[in-house]
Amino acid sequence: MTAYEAHFRVWRGDVEGGGLKDFHVEVNEGEVVLDIVHRIQATQAPDLAVRWNCKAGKCGSCSAEINGRPRLLCMTRMSVFGRDETITITPLRAFPVVRDLVTDVSFNYEKAREVPAFVPPEGLGPGEYRMWQEDVGRPQEFRKCIECFLCQDTCHVVRDFEENKQAFAGPRFLMRVAELDMHPLDAAGEAGIDRKRTAQEEHGLGYCNITKCCTEVCPEGIKITDNALIPLKERAVDRKYDPLVWLGNKIRRRPS
Amino acid sequence: MATGTDPQARTTSGPDPAAHGVHAPSRAAVPARHLRTDRWWLAPAATAAGLFAFVVYSTWRAFSGADYYAEPYVSPFYSPCVAQNCVPMKGGANWEIFGAWWGLSPALLILIFPLGFRLTCYYYRKAYYRGFWASPPACAVPEPRAKYTGETRFPLILQNLHRYFFYFAVIVAGILTYDTVLGFRDESGRWGHMGLGTLVLLINIVLIWAYTLSCHSCRHIVGGRLKHFSRHPVRYRLWGWVSSLNARHMALAWASLVSVALADFYVYLVASGAFDDPRFF
């Protein structure tokens, strides 16, 4: 493949205002969108702000929206676009803009702090934890999260309704609740924390209408909806809407 | 860190401060509601068209109250028959629970359960929220409404009843299995025969069971609710099987929706005399 010139529109501005600026940039074989953004920085707009770090899809820094779709700049190959196609890059549109392609994602860190941490089991010290693979398999999938917040950005609950940010933790942190609730050694229950109930009552699980956009955009391929959010919804049903499960828990002989 | 780039409230020279969603004052000022250039509308449009076609067909068939039994086949829309005004079905699920006062089509009494199961199904929820409600129409395409409460309030909070519909769906699937077994008879009720209708009902019931067992509530009930799979090896194995089916839940939802309509249509054709059921043996 030979080099060619591509037409980019990159959002430039800050919280006071801004707009899409046109750039015509050289593209070479094997390049990703982040390479082109760096070339724009190097040749045409040295003050273009972009957040990036590993360039390998593992740090979750370079989240942006390319042609309207939330994606990692470093994991979007230029070969997926036609040579004549205009490529539009904007910052994440669910969060406050800082400058150019950089947004303020502190909403996510606030939500992270609202999820009670892993509660260590009583009587076990460091190095004494023992777990079976079949017990940790489910939460292990969620540990692949690189915290790029693309799922948080695409989730219509907060993207389209700013006022819901207070009540709704977003898919990433509901997945964190699910991860901890499925963790074989988490002793939250013994500490008086009911993760199933708080998922619904404090983290806004009921706002999720399982339309799977979080799963669609996850660069790690985590099945957020099917493996975290829906199981968490079913666990909340156990607590709040199913008297049969309540009765079963009262008379059961073995712990779950 | 004083970078001079910390977010602040937009001044009056910016866009409308009352704007919401992606046009909220603190967000990047992009006039377009979305910038997607692909055919994002195709999937919700196709979903809405498919579901609408099924609703039209099933409404016609459910209210018609006729041509649903052609011995030995009974339409899955009319089984079990729990009213007195049913056509007598030899050996079939004729249970006159509702007596003579029910004057409407007997299908209406039983379709509530499969309808409720599909209406509260996690896959169909996604399908109709996107296709009919535009909530959202597609990822990163804004909703047309100003307020959203999701499934936190009545009536959508009733979606949490899905598992109860699952229990009923298992019973209905069991009865349809019985109907399929009855299909291995000939027109006079002798066993050991098979026709094209038997094959149609057989394919339908396999897909109905696959869809029912691939349900997310089923996955939760058989093992998903456990914290320690290692203490419950049998349920862990079952959970693994259901999880494999669950990964194909969308495909099974559509396949079983089409098959149940086709099975009903086949019985309609045979019962109305428009088509003669070819007998294999």
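Residues in region A:203-241 that are over 18 Å from the mean Cα position of the chain (by Cα) and more than 7 Å from chain B (Cβ to nearest Cβ): A:K233, A:A236, A:R239, A:K240.
Close contacts from region A:126-138, counting a first residue that is closer than 15 Å to A:N227 by Cα and a second that is assigned to a loop (DSSP other than H, G, I, E, B), with Cβ to Cβ under 6 Å and a gap of 6+ residues or different chains, come to A:D135/A:P184; A:D135/B:H228. Report yes if A:S63 is farther than 22 Å from B:C139 by Cβ and among the polar types (S, T, N, Q), otherwise no. No, not satisfied. Helices (runs of 4 or more DSSP H) fully within region A:83-182 that include at least 3 residues being on the phi > 0 side of the Ramachandran plot and more than 11 Å from chain B (Cβ to nearest Cβ): none found.
The condition (being of a type in the set (S, T, N, Q) and either under 30 Å from A:D194 (Cα atoms) or crowded, with 20+ Cβ neighbours inside 10 Å (or both)) is satisfied by just one residue among A:S79, A:S63: A:S63. Taken over region A:95-130, the criterion of being surrounded by fewer than 13 Cβ atoms within 10 Å (Cβ to Cβ) and among the aliphatic types (A, V, I, L, M) is satisfied by A:A117, A:L124.
Considering only residues in region B:161-176 that are over 15 Å from the mean Cα position of the chain (by Cα) and open to solvent by less than 50 Å² (accessible area, probe 1.4 Å), the one that is nearest to the other protein chains (Cβ to nearest Cβ) turns out to be B:G174. May I ask you to verify whether B:G195 is of a type in the set (G, A, S), open to solvent by less than 20 Å² (accessible area, probe 1.4 Å) and over 18 Å from B:S256 (Cβ atoms)? Judged against the criteria, B:G195 is a match.
In region B:234-243, is there at least one residue being within 14 Å of another protein chain (Cβ to nearest Cβ), of a type in the set (A, V, I, L, M, F, W, C) and in contact (Cβ under 8 Å) with a residue 24 or more places away in the chain? Yes, some residue in region B:234-243 is within 14 Å of another protein chain (Cβ to nearest Cβ), of a type in the set (A, V, I, L, M, F, W, C) and in contact (Cβ under 8 Å) with a residue 24 or more places away in the chain. So in region B:51-94, with the set limited to residues that are touching a residue at least 40 places away in the same chain (Cβ under 8 Å) and more than 25 Å from B:E187 (Cβ to Cβ), which one is most open to solvent (accessible area, probe 1.4 Å)? The extreme case among them is B:F63.
Against the condition under 27 Å from B:A247 (Cα atoms) and open to solvent by less than 10 Å² (accessible area, probe 1.4 Å), how does A:G170 come out, does it pass? When the stated conditions are applied, A:G170 passes them. Pick from B:L252, B:L262: which is in a helix (DSSP H, G or I) and away from every other protein chain (no Cβ under 14 Å)? Going through B:L252, B:L262 in turn, just one is in a helix (DSSP H, G or I) and away from every other protein chain (no Cβ under 14 Å): B:L262. Determine which single condition A:N209 fails, assuming it passes every other condition in (1) under 21 Å from A:G137 (Cβ atoms); (2) assigned to a loop (DSSP other than H, G, I, E, B). Of the numbered conditions (1) under 21 Å from A:G137 (Cβ atoms); (2) assigned to a loop (DSSP other than H, G, I, E, B), the odd one out for A:N209 is (1). For region B:1-8, the criterion of being modelled with pLDDT under 90, within 14 Å of chain A (Cβ to nearest Cβ), surrounded by 15 or more Cβ atoms within 10 Å (Cβ to Cβ) and part of a loop (DSSP other than H, G, I, E, B) is satisfied by at least one residue. When region B:124-155 is filtered for residues that are open to solvent by less than 50 Å² (accessible area, probe 1.4 Å) and without any contact (Cβ under 8 Å) to a residue 40 or more places away in the chain, the ones remaining, listed by number, are B:R125, B:K126, B:Y129, B:S135, B:P136, B:Y148, B:T149, B:G150, B:E151, B:T152.
The values are calculated or read from the model by the stated rules, or taken from the named source; none is laboratory data. This is a predicted model, so every value here is computed, not measured. Note: ideal-geometry Cβ built from the backbone for every residue, glycine included; neighbour counts use all protein chains shown. Protein only, heavy atoms only, side chains kept; ligands, DNA and RNA dropped before computing areas. Shrake-Rupley method; radii C 1.70, N 1.55, O 1.52, S 1.80 Å.
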